[in-house]
Amino acid sequence: MAESNDFLHNVADKDYEYGFTTDVDTEIIDKGLSEDVVRLISKKKGEPDWLLEFRLQAYRYWVEQKQPEWGHLNMPEIDYQDISYYADPTKSGNSGKSGEIDPELMKTFDKLGIPLEERMALAGTAVDAVMDSVSVKTTFRDKLREMGIIFMSISEAVREHPDLVREYLGSVVPYRDNYFAALNSAVFSDGSFVYIPKGVRCPMELSTYFRINARGTGQFERTLIVCDDDGYVSYLEGCTAPMRDENQLHAAIVEIVVKENAEVKYSTVQNWYPGDKNGKGGVLNLVTKRGHLRGANSRLSWTQVETGSAITWKYPSCVLSGDNSQAEFYSVAVTNNFQQADTGTKMIHIGRNTKSTIISKGISAGRSQNSYRGLVKVASSAQGARNYSSCDSLLLGSKCGAHTFPYMDVKNSSAIVEHEATTSKISEEQLFYCQQRGINTEDAVSLIVNGYAKDVINKLPMEFAVEAQKLLGVSLEGAVG
Amino acid sequence: MNGTRQYTDFFNDVRDTLYARSCDVMNAQREMALARFESLGFPTRKTERYKYTDAGLDFEPDYGIALSTLTDELPKYCHRICNAPIDVTPYYNSIADRNDAVVCLNTMLSVDTLLVYIPRNTRPEHPIQISNILKGDNDTMVNRRLLVVMEEGAEADIIITDHAVNDSRFLTNQVIEAFASENSHLNIYEIEETHLLCTRYSNVYIHESRNASVRHTSLSLFNGHTRNTCNVQLASEGSEVNLNGCVIADKMQRVDNNTRIEHLVPHCTSNELYKYVLDDSATGAFAGIVYVSEGAQKTSSAMTNANLCATDSARMYTQPMLEIYADDVKCSHGSTVGQLGEDALFYMMQRGIGIDEARLLLKSAFITEVVETIPLEPLRDRLHFQVDKRLRGELSKCEGCKLCK
C-alpha cells in the first residue's frame, strides 16, 4: 500500500499540463473599468453605435448591482478595477502582413493540440481559436460558407452580419439577467457566432478553443448560436489557461436559439487552471449559459466535463417554450485540492409535452467542495411536462464536501417531475472485487470513476470523450490512498 | 418595518405584566430576544429558509395577543416551567434559533411554558396528549412554548393536536424544544385540524444524545396557512431520527414544511418521509436539508418527498438538499411531483368503482404510507379514519362550519 501511495503522490504532484505562457507582444489596455473603457473596447473593435449603446446600458446597470453571494462558494473578493478588460495578442509587430498569424501563436495552439492549419486539422472539426480578447483564426470558414453556415468570431459577425447579431444578441440572456451577465454584456470581447440556416445539417463539429494568456486580464467571451428550422449542429468548447498565482476572471455568456425541429448539441470540456495544491491562483469561472428552445420539436443538449477552475459557478439552462421540445443536461464535475464548484442547470418548462433530463455526476476529492444546484420549473401552461433528474456525488477523501440543492417548482397537474440523488464513497465491495482480480487500487478507482461518469462521457463527441476520460484520470490521481 | 413595530410596541406596553406573570428563566431571555427581533425584522422571501412563506405578510394583521398562563393543575409529568422539578436554565431557549425573528418573537412574548419532564428510565403509562384549542371572538395571536426533557432511558409519546372552535382569525406561533438524553425514546405527533382563517408557525428543535431515538410526525389535515420547521441535531453517536409528515390541502390552503437535520458525529441515522396531496388552489412547499459535518462518518440518511398535484392551480415547491462534508456516508434523497396513475384509475373503473371513489382510494393509499409509520396503534387507526374523512370532505370539524361553503 505504501508503495502505491508513493506512486499516487508522484502523479498527484504532476503539474497542470497547459500551464505554460506564450511570449507574444500583446496589446493590453490599462486596468480598470469605466464608461470610457467600454467605449474604448467598442472603438477598438470598430463596432456600430447600437452595440456601443447596448454595452453602455449593460455597464450602467452593472454599476448599480452588487455581486451575488448565494453560491455555496468561498469567493475571493474580485477587484474589478484591477483587471484589464482587453488584451489583443494579434497586434504584435511580428506579423508583417495582415491576415498572417504570428508563428508564436501558431505554436501555442499546436502545443495545445489545436492545429490552425486546415490540412493538419482533425478531420471533421472546424475551430475558432480565441486567445485573450481576440479570435486568432477560424478554420474551414469557406467550406462551411458554401452550405450557408456562418461560423466566425462574433466581432466579425457584427461587421458582416449585423442584422443577425442584432436580432439575437441578448435575446436569450438579457444584460439584466444577472451581475456577471451585465458585466459581460458591457465588456465582452471575442467568442464565436454560429448560424445554421433552414434545413442544413452542419457536416462537421464546430469548436471554439479559449485560451487566457496575458497576465492581469480577464476573459469575457460571448458565444451566440442560432440554429434555424430543421438545422443541426454539434458545438464543442475547450479552454485552458497558464498557471498564475493570481485569480483570473472568466465571465462568459453563451446564448443558443433553437428553432422548429432543429437540434443543437453543446459540449464543453472545461480545463481552466485550477490553482495549485494550496489553492493559490486559478481561474474564476463565472458563466451564464442558456438555450432557448423556441420552435416545436426542437432539441438541445448540454454536455459538460468540468475539471478545471478554482471556482466554477455556472448553470447551463434551457427554456423549453416550443411544444414537444426536449432538453438534456449531462454533467461531470470533478473537484480536487481546493477547487470549488457550484454548478447545475435550470429547466424551465413552458411549452406542452416538453421533456427534460438531467444527469449530474459530482466527484470531489482533496479539500474541494462540489455542489449541484438545479431548478426544474413547470409553468401552468406546460401540459404533460416531464422531467427526470438524477444527481449522484462521489466522495474521495474525508476532507471534501458534496452538496445537492435541487429546486422544483411545479404548477401543472399533468406534469411528472422526479428527482433523485445519492452521495457515497466508492463502494468497498467494488474495490475489493477489482483487487481480487489483480487490479491495483489506483487502476480500480480509475475504472470505477470512469464507469461512474460513463453516462455523461458517452454523450460527448468521440475526440472529446477520449480527452475527457484522460482528464478525469489526471484530475483525480493522488486523491485516493 | 411596520409589522415588527406593532409587536415591539405591544411588548413595551405589557412588559410589566409579562414579567410579573412569568418567571425568571423565561424573563431572562426576553430583552435579548427583543433586540434580536428588532434587528432582524420579519424574514422576507429572500431569506433562503423562508423562500416559500412570507412571514411579514402573515404577521401583519392586527391580532389581539393572548397573555394567559397555564393552570397549576397539570397531569403527571407535565409542569409549568415556573414550578419545574429540575433546573431548566440549561434547556430553555438553548437550541432554538436566535437568528429567526419568528422564534425571537415567541421568546419575547410567551408567558408560560409547558414542561414535559420524563425522569430517568421512566415510561408513562399513557401517551401524553396536549390539545391546543383556539377560542375567542376576536382575532387572536397565541405564543406557545413547549419544553420536553427526557432523561436517560426515558420513553414517551406526546400527541399535540390543534383545534379552533370559533370562526375568528387565529395566529399561532409555537416553539418546541426537545432534549433526548442517552437511550431515550421520544415520539412527537402533531396533528393540525383548524380552519382556513388559521395561521400557524411552528418551530421545533430537537437535540439528541447517545443512542437516543426521536420520531416526529406532523399531519396537516386542515389549516389556513401553515409553516412548520423541524430542526434536529444528532450530537452524539448512535442517535436516530425519523421525520414524517403528510399534508392534505385544498382550497386556498398553504403548507410549508422546512426541515434541517444535522449529523454532527459519526454513526447516526436519519430518515425522512413527507407526502402531500394538493387540490384546488392549494400551495405546498417542502424544503429539507441534511447536513453532514466533517468527520461524521458512517452516516446513513434517506429523504423522500412525494407529492400529488390534482389540479392545475395547485402548486408544489420542493427542495430536497444535501450538504455533506464527510466521505464515508450513505445519503440519498428522492422527490417526485406527479398525479394519480391513469392505469390504476382505469383498473378500478373497469371493476365498477366510480371515478371519484377510485381517486379517493388512491389518494388515501398514498397518504397511508405516512400514517402507517406511526407505532401507536390507537392513534394510527384514528388517523386512518380521519384521513379518509378528510379526503371525502366530511371532517368532523366541518359539520356546522360555514367557513368554506
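Read the figures in this text as sums done on the coordinates, not as results from a lab. Because the structure is a prediction, the values reported are computed rather than measured. Neighbour counts are summed over all protein chains in view; Cβ atoms, including those assigned to glycine, are modelled from backbone coordinates with ideal geometry.
Taken over chain B, lysine pairs spaced eight or more positions apart, or on distinct chains, with alpha carbons under 24 Å apart number 25. Comparing mean-square fluctuations of B:Met141, B:Met321, B:Met303 from a GNM of chain B with C-alpha springs under 10 Å, the top value falls on B:Met321.
Distance between the C-alpha centres of the stretch B:349-388 and the stretch B:84-148: 32 Å, rounded to the whole angstrom.
Order by neighbour count: B:Val25, A:Val378, A:Val24, B:Val214, fewest other Cβ atoms within 10 Å first, most last.
With the sparsest Cβ surroundings first, the list reads B:Val25, A:Val24, B:Val214, A:Val378.
Length available on full extension from B:Ala20 to B:Met349: 0.36 nm per residue minus the Cα-Cα distance, which gives 111.9 nm.
What is the local net charge at A:Gln57, summed over the other residues whose Cβ is closer than 12 Å to its Cβ (Lys, Arg +1; Asp, Glu -1)? Net of charged neighbours comes to 0. A simple count of charges around B:Leu171, restricted to other residues whose Cβ falls under 13 Å of its Cβ and scoring Lys, Arg +1 and Asp, Glu -1, yields -1.
Ellipsoid fit via the Cα gyration tensor, the protein assembly as shown: semi-axes of 54, 29, 28 Å, each the root of five times an eigenvalue, largest first. Would you kindly state how much longer the chain becomes between A:Glu35 and A:Asp455 on full extension, computed as 0.36 nm times their sequence separation minus their alpha carbon distance, in nm to one decimal? Going from the current span to full extension adds 146.6 nm. If R0 is taken as 56 Å, the Cβ-Cβ distance between A:Ser398 and A:Glu146 corresponds to a FRET efficiency of 0.45. Of the cross-linked pairs A:Lys107/A:Lys137; A:Lys137/A:Lys470; A:Lys45/A:Lys265; A:Lys289/A:Lys346, which ones have a Cα-Cα span greater than 18 Å in the structure shown? Cα-Cα > 18 Å for A:Lys137/A:Lys470; A:Lys45/A:Lys265; rest within. Of all beta bridges that DSSP places with both ends in the protein assembly as shown, some 10 percent have antiparallel geometry. Just to confirm a number: summing +1 for Lys and Arg and -1 for Asp and Glu over residues other than B:Gln233 whose beta-carbon lies under 14 angstrom from that of B:Gln233, what do you get? Summing Lys/Arg as +1 and Asp/Glu as -1 gives -4. If the segment from B:Arg120 to B:Arg380 were pulled out straight at 0.36 nm per residue, it would be longer than the present Cα-Cα gap by 90.8 nm.
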